[in-house]
């Protein structure tokens, strides 16, 4: 992979149904999208059309890699076979960023394929930070950890999530992928202040922002990625940009996936919200 | 010593897999929204299996498919990092598990759908070109051995499931339900090396036997001997060359080599 691009601006999750729209004009880039994010796990040890299409996109755009199975918080040993496949993909794609979630996905060799919550304790911080450091040593680069949406909390929690995330990022010297929708969802579900969350994370470690849609069930919200970004999340995103300054931002959509053009339009909203927030910040 | 994190994660997982309630004692307010994780686990994985086995789903209908796949998930919690491999054991499980094992058509349909998926995104590898064969000295030909491309998969079927699967895949109404075959047949699925599309075709019995022998390490000379037994009317070398050309043009072969004497 020889093409290099500056990583900045606004991106979308790369989904197979959008390959034709993205690659239809092979000479150019689609206006309105600056980069794409892939789900790393979908391209590890894979050949054929998926990897060839990815490489065609990579020839034209910066790519960031986002995993869902690192299981950084699990008590099982790190899965070195998975990490080896991840490293091979990193070498092949040369992504601008590599991220996964602050969660666990299964123990005793089982993968539940979900982003499961961790007890927010000092011991968990030590456990996760140690594993992040080992992952970074193995990959030879810093990774980003994303805050997941959560629907339960633990009686033994010792600190708020934003302090938990901040402590791990500092101890392990890793970066943060801040999912603004997840902040909103977890704040609603656990009745804490989303703005306190934003004010509690270290701005200099946040290297990427996620936005997505959710489902509000009245007494709780589920992070579904199957709808447009909700208005309160746009408001919180504006607050985040005022707080942190401009950070590369993307929209995730994993279900009820609309036409590519519709997502590009939605990304335009992110540009507008960010621009207005930065204007307010300057003032 | 078991840590608190161990205890919590084991209990959480037991709730999702087995419905055990031990985790609730560790959750604030008893975890009023724990069902989000429980429901999400099953629904998410059922959705993945429905996408991987659309024809099995169509043949069984929603209710029976869900019943079968819930049983599969209970017996086979995922042990892979990627959800891509979740359905790896479905065909085998259907063959072994009552009442589904009484319906071999399901096993065959699942095996065929899974093979198509493997051909679609299986690992890339070198593809043997005709030009590479043309450079081989005639005296070396008898000893040549061939390696299969990893996108090639062979599936033995007792039921005529392919027309049904193709109709479902192309969103047409199947002309009829699959029927049992008089004799089992072997189908090949593979990815074309140029356009990367997935193809499939039925193998004649002789070709199946020769292909199996070749991928078991039999050299070109043995391939010719087998064909001479099957068809004495035509020169076996010509038959073998023709068969080989078809395989090469389809991208079924990854490489050719001449074993050294001490290997």
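Computed from the coordinates by the stated procedures, all read-outs in this text should not be read as laboratory data. Because the structure is a prediction, the values reported are computed rather than measured. All Cβ positions, even for glycine, are placed from backbone atoms using ideal geometry, and neighbour counts span all protein chains on display.
In chain A the Cα-Cα distances spread across 5 Å bins starting at 0 as 1, 5, 13, 17, 19, 18, 14, 9, 3, 1, 0, 0 percent of all pairs.
Hydrodynamic radius of the range B:11-126 by the Kirkwood approach over all distinct alpha-carbon pairs: 15.6 Å. Taking every DSSP bridge with both residues inside chain A, close to 10 percent are antiparallel. Mean per-residue shielding of peptide A:39-49 is 6, counting Cβ atoms of other chains within 10 Å of each Cβ. Projected onto its three principal axes, the C-alpha set of the range B:103-263 covers 54, 35, 27 Å, listed from the longest axis down. A simple spin-label model places the labels of residue B:175 and residue A:24 3.6 nm from each other, with each point 7 Å out along Cα-to-Cβ.
Here the protein assembly as shown carries DSSP beta bridges of which approximately 45% are antiparallel, counting only pairs with both residues inside. Sorting the Cα pairs of the range B:84-145 by distance into bins of 10 Å, from 0 upward, gives 18, 28, 17, 19, 15, 3 percent per bin.
Per-residue extension of 0.36 nm, minus the Cα-Cα distance of residue B:20 and residue B:95, leaves a gain of 24.1 nm for this segment.
Size of the range B:151-239: Rg and Dmax of its alpha carbons, in Å, are 16.2, 47.
The Kirkwood radius of the range B:12-59, taken over pairs of alpha-carbon atoms, gives through the Stokes-Einstein law at 4 °C and 1.567 mPa s a diffusion coefficient of 106 µm² s⁻¹.
Take the Cβ atoms of residue B:167 and residue B:228, set R0 to 35 Å, and the FRET efficiency comes out at 0.30. Peptides B:109-118, B:169-178 ranked from most to least packed, by the mean per-residue count of other Cβ atoms within 10 Å: B:109-118, B:169-178. A P(r) calculated from all alpha carbon pairs of the range B:63-118, with 10 Å bins opening at zero, reads 24, 57, 18, 0 percent.
What the Cβ-Cβ distance of residue A:259 and residue B:202 gives, at R0 = 41 Å and to the nearest 0.05, is a FRET efficiency of 0.60. Between residue B:85 and residue B:139, the contour length at 0.36 nm per residue exceeds the Cα-Cα span by 15.0 nm.
Between 0 and 90 degrees, the angle of helix B:4-18 with respect to the longest Cα principal axis of chain B falls at about 70 degrees. Net length available on complete extension from residue A:92 to residue A:141 is 16.2 nm, with 0.36 nm assigned per residue and the Cα-Cα distance removed. Counting neighbouring beta carbons within 10 Å and listing from fewest to most, the residues A:262, B:135, A:167 come out as B:135, A:262, A:167. Inter-chain neighbour count for A:101-114: the average number of beta-carbon atoms from partner chains within 10 Å of each residue's beta-carbon is 6. Volume per residue of the convex hull around the Cα atoms, evaluated for the protein assembly as shown, comes out as 190 Å³. At q = 0.29 Å⁻¹, what is the base-10 log of I(q)/I(0) for the range B:191-254 according to the Debye formula with one equal point scatterer per Cα and no solvent? Please give it to two decimals. Log-scaled intensity ratios, in q order: -1.35. Taking the C-alpha atoms only, the angle from helix B:236-250 to the longest principal axis of chain B is near 40 degrees. Footprinting exposure proxy ranking of B:260, A:243, A:224, fewest other C-beta atoms within 10 angstrom first, gives B:260, A:243, A:224. For chain B, the longest principal axis of the alpha carbon atoms and the long axis of helix B:205-215 meet at an angle near 80°. Label-to-label distance for residue B:209 and residue A:231 is 7.5 nm, based on points extended 7 Å past Cα in the beta-carbon direction.
Per-residue mean of foreign Cβ neighbours for A:115-124 is 3 (Cβ atoms of other chains, 10 Å radius).
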